[in-house]
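J.: There's a structure below that I have some questions on.
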Amino acid sequence: MRIGHCTKEDYGQILTHLTEFWGSDRTRPLHHPIFVREFGNSTFVARDGDRVAAYLFGFRSQTEPVGYVHLVAVRDGYRRRGLARVLYRHFTDFARAEGCREIKAITTPGNRGSIAFHTALGMRMVGEPNADGVPVVRSYSGPGEDRVVFRMPIAGPDVPRPA
C-alpha cells in the first residue's frame, strides 16, 4: 500500500466507485473537484497498485492554524486495516509542517460510526449536548443544521513531538 497525493485519475476512480466507499452516492455533492484541483497538496490516497483503497480530502484553514479533514473513506474490501488512521496520521504530519496547531473534522449527530472513529483517534467533541446527549455546535451548517465538531491539538507546549 502506498500513500500519495490524489491525482485527477484517482479522483475519477473515486467518483466512479463512490458506492464502494460510502455504500451509496449520497456524498457525491461533497466531492467537489476543488479539493483535487486547488488543494491537491493536502488530498491523499492509499493505493493498492492502481486501485484507490482509501482517501482523505483535507486542507489548511485560511482563518486559523488548523488542518481540516473534509472527507475520509475506505473502499469495501479494505476496511479494518487501519487505512483511515494511516491517512489521518499522514495528513496530521502535513498540517503540522504547514504550521497548524490542531486538526478539525465534522460529522452529523447521527453518524455513530464517524463519531466512534474520530473519538478513537483522540479527537474531542466541542459544543453543547443535543437531546440525545451528543455534543453539537448548533446551526454549524446553517439554520437548524447542527454538527458534531471534533478538534485535536497537534502542536504546542502540551503536545508531545513525534519521535
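Taken together, the values in this text are just the output of simple stated rules run on the coordinates, not laboratory data. For clarity, every value in this text was computed on a predicted model and none was experimentally measured. Cβ sites come from the backbone with ideal geometry, for glycine too, and all protein chains shown count toward neighbours.
J.: What fraction, in whole percent, of alpha-carbon pairs in the chain exceed 27 Å separation?
T.: The share of Cα pairs beyond 27 Å in the chain comes to 24 percent.
J.: With Kirkwood's inverse mean 1/r over C-alpha pairs for Rh, give me the Rg to Rh ratio of the stretch 103-156, two decimals please.
T.: Expressed as Rg/Rh, it is 0.97.
J.: Determine the sum of side-chain charges near E64: Lys and Arg each +1, Asp and Glu each -1, restricted to other residues whose C-beta is under 11 angstrom from that of E64. Please report the intermediate quantities before stating the final value.
T.: Values: positive: R60, R101, K104, R151; negative: E102.
Once positives and negatives cancel, what remains is +3.
J.: Enumerate the amide H contacts of T43 below 5 Å, restricted to partners 5 or more residues apart or on another chain; note that Pro and chain-start residues carry no placed amide H.
T.: C6, G58
J.: Can I ask one more? Which order, highest average first, do 92-105, 46-59, 12-25 follow once you tally other Cβ atoms within 10 Å for each residue and take the mean per peptide?
T.: 46-59, 92-105, 12-25
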